[in-house]
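Here's the structure, in structure tokens; my notes come after.
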Amino acid sequence: MNAPARSALGLLLLSAVGGLFLTLSRPGPSSADAAPPRFTSSTECRACHEELFDEWDASHHRLAYENPEVRRLSDDFRNKECQACHLPRPIAETGLLNRTLPRFTRPSEGVDCLTCHLDGSGRIAGLRASDQGCAPVANADLLSVRGCETCHNQHKTTDQWRASSYARDGITCNACHMPQVTRADGSLGRKHVFEGCHELDMLRSAATFRARREAGEVVVETTNSGAGHNFPTEERHRAVDVLVRFVDAAGQASAWERVWRFRQPYRDEPGENTQLPAGETHVDRLTPPPDAVRAELRLWYRLNPYATDEDEASTLLFETEVALE
Amino acid sequence: MKPRCASWAAVALVLASCGAGEAPTAAAGPSLPPLMLSSRLAALEELGSTAPGVPDERTRSELSELVAAAYSSIASPDMQAEAGRWLLAHDEVFAGLEEGLRHPEAAVRASCAFQLGERGERAAVPTLLWRVRQEFDPAALAWIVAALDRLGNRASLPRLAELLRDEARCESALPATDAILLRADAWPEERSWEALATAVEALHVSWRSARRGTFEREAGDERLHARLAALLAGLDGFQLKPVDEARTAFTQLTTLPLDLLSLGVTAQERYLRVHTVEIARDLGSLAAPLGPELLALLGDPVTRLYAVEALGEVGHAEALPFLLVFLSGDDLELRVAAAMALGPLGQESAVEPLRAIVQAATENPDVRVRAAFSLEHLTRDGTGADLLRDLIAREAYHAPTLRELLARLEPGT
């Protein structure tokens, strides 16, 4: 294309952009034949989707780039590669199953509305098409595991799901992490809190923890009874510990001792992956000291493997005891 | 000039450049070099195929036993001596020593690092650089740093200086520090931990200024070159671990293999291209010879954003007119990238457009904070830094980002 032709093209395109600007400056419903509005921030979604926005605003997706725990473990994002998933450009730009690339804008929005809802053509994608508001186009991929996979398979979570009975039964990520809800206006939608390891109820629903006395031993069973992926999933940060202490007749308790840790070592760390796959049970057999009258057992969830019991990054999931007398 | 009011030619350039494929040309002004992308993965894999590999399981097990017997503190001196001779005579000694860097016993890790250094195994440099980040034992860390020093790489000496300033751990670092300073004939006259730390830091500064990029392979470095090629090839996958490893290695090498990086930035493979551009950005002026190739990437919709940042950091002055166009364009991400790049680019004519953005309180905050950074970078008149500090005080923008920008302007704060 020669230079004058490019100038003419520039003028034409500038007119189009000008028209688009005028469209954007008049908020409200747009007709089907008008250019769809262009969105640059999740805050623009709030006007029409306040309930959804508030859910996302309180979620760990929103916090992805701000979470102090993440910032500490990523050396304040000096490990730049972490930014690809913690401050991502829209999934559609690189495509389902491909890793996202990092963006430079809106650090407080983390994994934002546009990450999932901006489609490849710059339009908003929703479960249903509409010519109202943001004029969404229907896109079934929004609920597909492949959408989550772009980031969540970085630590093999969706691979773990594929190997589980959940995948065979068609129970996808959304069944637990974006359950269906009825909105204030009576419409059906999906919850945008993305509940996971930061919510106690969700954590407790993932596992069962039982202990019993058997032939002089204390038998402790931890079962991944509710997660469609390993328990815990993700690497580096997460760990689940089985702890025990024994109490004698005088009420003196021994120190808490870790008898097992469920965890995938981070990158080059030595050790085996001991995460508990979906549906599987891990059994610990403990020999109590002769003077013990009771065994007390706890299952702790740790957001990072260095967290102590007193640390905010630790959550006590279950505790139980076994009489030994 | 009000930033959004770009000239017709500039707007035409921005809009034309948003199209895929064809390189944009301004109606009046410079044109971009043609975008010439080719598939590079196979070539890099071929180059990387001669990199030191992982031996079969039986050999690995044999090496593991030899390493433990040679260097573990629980082995008898006789056994250590015998096993040490066997190990060093083994065909796969390199693999054994590298694997030994992950041994549970710190003394074994330290000894393996020492041997890699003494044997001049420069192909181990990337692994040693990764281990510096992960090592927690002070003596082992110091010996890994010393091994790198022996191999001509002083990138990690600041970690040693940190150790020497740590009262609780400095003693453990002394033997390795001794080796480094004696070899460099740089023992300080004053006998204090602080003097040792300062001497070590001085060696690092001197090394940094002597680093260079080359398109030529150095004799004797074929295995290192092959390993680096394999590392670049690993950028094209899904996982980020190889990205982290490649970045760690490439940004800390003594002699940069610009021939390999050039393959990366012109690769058709998307992630290979993007991540190599990011490596170039992190290298800054050392990657200056890649400027023309980075400039061509402004015509590439996938990489453009990251190329803008990299062009600023490598200081490719020819990028200025294009960055000014992006700064006043419609694409917010590109505006932010351009605002961030113009400071490091170091061109005086960017001052007024940046100042206009900094002074416009209604300007997009993402663009404004980067413009403030670049304005301060160029003028050092306090205007940009004051805005960044004011935004922190008012909690009006993402504080970690503001602090990071200020830290770049005021190193050491």
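Some observations on this one:
- Here the helices (runs of 4 or more DSSP H) wholly within region A:157-244 that include at least 2 residues being crowded, with 19+ Cβ neighbours inside 10 Å, in contact with a strand residue (DSSP E or B) (Cβ under 6 Å, 6 or more places away or on another chain) and at pLDDT 95 or above are A:200-206.
- Breaking point among (1) under 30 Å from residue B:220 (Cβ atoms); (2) in the same structural domain as residue B:179 (by TED's automatic domain parsing); (3) among the acidic types (Asp, Glu), for residue B:78: (1)
- Residue A:59 passes every criterion in (1) surrounded by fewer than 18 Cβ atoms within 10 Å (Cβ to Cβ); (2) away from chain B (no Cβ under 11 Å); (3) not in a helix (DSSP H, G or I) apart from (1).
- Filtering region B:345-395 to residues that are under 15 Å from residue B:408 (Cα atoms), of a type in the set (Ser, Thr, Tyr) and more than 14 Å from every other protein chain (Cβ to nearest Cβ) leaves only B:379.
- Filtered residues of region A:86-105 (kept if under 19 Å from the mean Cα position of the chain (by Cα), more than 8 Å from chain B (Cβ to nearest Cβ) and not hydrophobic (A, V, I, L, M, F, W, C)): A:86, A:88, A:90, A:100, A:102
- In the condition set (1) under 15 Å from the mean Cα position of the chain (by Cα); (2) modelled with pLDDT of 95 or more; (3) surrounded by fewer than 22 Cβ atoms within 10 Å (Cβ to Cβ), residue B:318 is compliant with all but (1).
- Scanning region A:98-126 for residues that are without any contact (Cβ under 8 Å) to a residue 24 or more places away in the chain and surrounded by fewer than 20 Cβ atoms within 10 Å (Cβ to Cβ) returns A:121, A:126.
- Only one of the listed residues (A:157, A:182) is hydroxyl-bearing (Ser, Thr, Tyr), in the same structural domain as residue A:101 (by TED's automatic domain parsing) and under 25 Å from residue B:241 (Cα atoms). That residue is A:157.
- Taken residue by residue, region B:360-368 has at least one member that is among the charged types (D, E, K, R), over 24 Å from residue B:282 (Cβ atoms), surrounded by fewer than 20 Cβ atoms within 10 Å (Cβ to Cβ) and not assigned by TED's automatic domain parsing to the domain that holds residue B:277.
- Qualifying residue in region A:75-85 (condition: more than 9 Å from every other protein chain (Cβ to nearest Cβ), at pLDDT 85 or above and touching a helix residue (DSSP H, G or I) at 6+ places or on another chain (Cβ under 6 Å)): no
- Scan of region A:74-94 for residues that are without any contact (Cβ under 8 Å) to a residue 12 or more places away in the chain and in a loop (DSSP other than H, G, I, E, B), ordered by number: A:75, A:76, A:78, A:79
- Hits in region B:185-229 (condition: surrounded by 16 or more Cβ atoms within 10 Å (Cβ to Cβ) and either farther than 20 Å from residue B:153 by Cα or more than 25 Å from the chain's Cα centre (by Cα) (or both)): B:193, B:196
- Checking each residue in region B:262-273 for being under 14 Å from residue B:290 (Cβ atoms) and either in contact with a strand residue (DSSP E or B) (Cβ under 8 Å, 6 or more places away or on another chain) or within 14 Å of chain A (Cβ to nearest Cβ) (or both) picks out B:266, B:267, B:273.
- The residues of region A:266-282 that are surrounded by fewer than 16 Cβ atoms within 10 Å (Cβ to Cβ) and within 14 Å of chain B (Cβ to nearest Cβ), listed by number, are A:267, A:268, A:269, A:270, A:271, A:272.
- Some residue of region B:365-384 being polar (S, T, N, Q) and within 28 Å of the chain's Cα centre (by Cα): yes
- Residue A:316 being assigned by TED's automatic domain parsing to the domain that holds residue A:217, crowded, with 19+ Cβ neighbours inside 10 Å, at pLDDT 95 or above and within 29 Å of the chain's Cα centre (by Cα): no
- Of all residues in region B:95-142, those satisfying the criterion of being within 13 Å of chain A (Cβ to nearest Cβ) and touching a residue at least 60 places away in the same chain (Cβ under 8 Å) are B:126, B:129, B:130, B:133.
- For residue A:304: the one exception among (1) surrounded by 15 or more Cβ atoms within 10 Å (Cβ to Cβ); (2) without any contact (Cβ under 8 Å) to a residue 60 or more places away in the chain; (3) of a type outside the set (Gly, Ala, Ser); (4) closer than 30 Å to residue B:99 by Cα: (2)
- Neighbours by Cβ (under 6 Å, 6+ apart or cross-chain): first from region A:142-167, away from chain B (no Cβ under 12 Å); second small (Gly, Ala, Ser) and in a helix (DSSP H, G or I): A:161/A:167
- Flag if residue B:213 is more than 22 Å from residue B:137 (Cα to Cα), in contact with a Pro (Cβ under 7 Å, 6 or more places away or on another chain) and assigned to a helix (DSSP H, G or I): no
- Taking the numbered list (1) away from chain A (no Cβ under 13 Å); (2) part of a helix (DSSP H, G or I); (3) within 24 Å of residue B:129 (Cβ to Cβ); (4) in contact (Cβ under 8 Å) with a residue 60 or more places away in the chain in turn, residue B:252 passes all entries but (2).
- The residue list A:262, A:318 contains one member that is under 20 Å from residue A:225 (Cβ atoms) and without any contact (Cβ under 8 Å) to a residue 60 or more places away in the chain, which is A:262.
- The residues of region B:283-303 that are of a type outside the set (A, V, I, L, M, F, W, C) and more than 14 Å from residue B:340 (Cα to Cα), listed by number, are B:285, B:289, B:291, B:292, B:293, B:299, B:300, B:301, B:303.
- Test: residue B:306 is part of a helix (DSSP H, G or I) and under 26 Å from residue B:365 (Cβ atoms): yes
- Matching option when the condition is away from every other protein chain (no Cβ under 14 Å), touching a residue at least 24 places away in the same chain (Cβ under 8 Å) and either assigned to a helix (DSSP H, G or I) or not charged (D, E, K, R) (or both), among B:228, B:235: B:228
- Pair list, Cβ < 9 Å and 6+ apart or interchain, from region A:280-297 residues that are closer than 8 Å to residue A:246 by Cα to residues that are surrounded by 17 or more Cβ atoms within 10 Å (Cβ to Cβ) and of a type in the set (Phe, Trp, Tyr): A:288/A:246; A:289/A:246; A:292/A:246; A:293/A:246; A:294/A:246; A:295/A:246; A:296/A:246
- Residue within region B:143-162 that is surrounded by 24 or more Cβ atoms within 10 Å (Cβ to Cβ) and within 14 Å of another protein chain (Cβ to nearest Cβ) present: yes
The values are calculated or read from the model by the stated rules, or taken from the named source; none is laboratory data. What you see is a predicted model, and the numbers here were worked out from it, not measured in a lab. Note: ideal-geometry Cβ built from the backbone for every residue, glycine included; neighbour counts use all protein chains shown.
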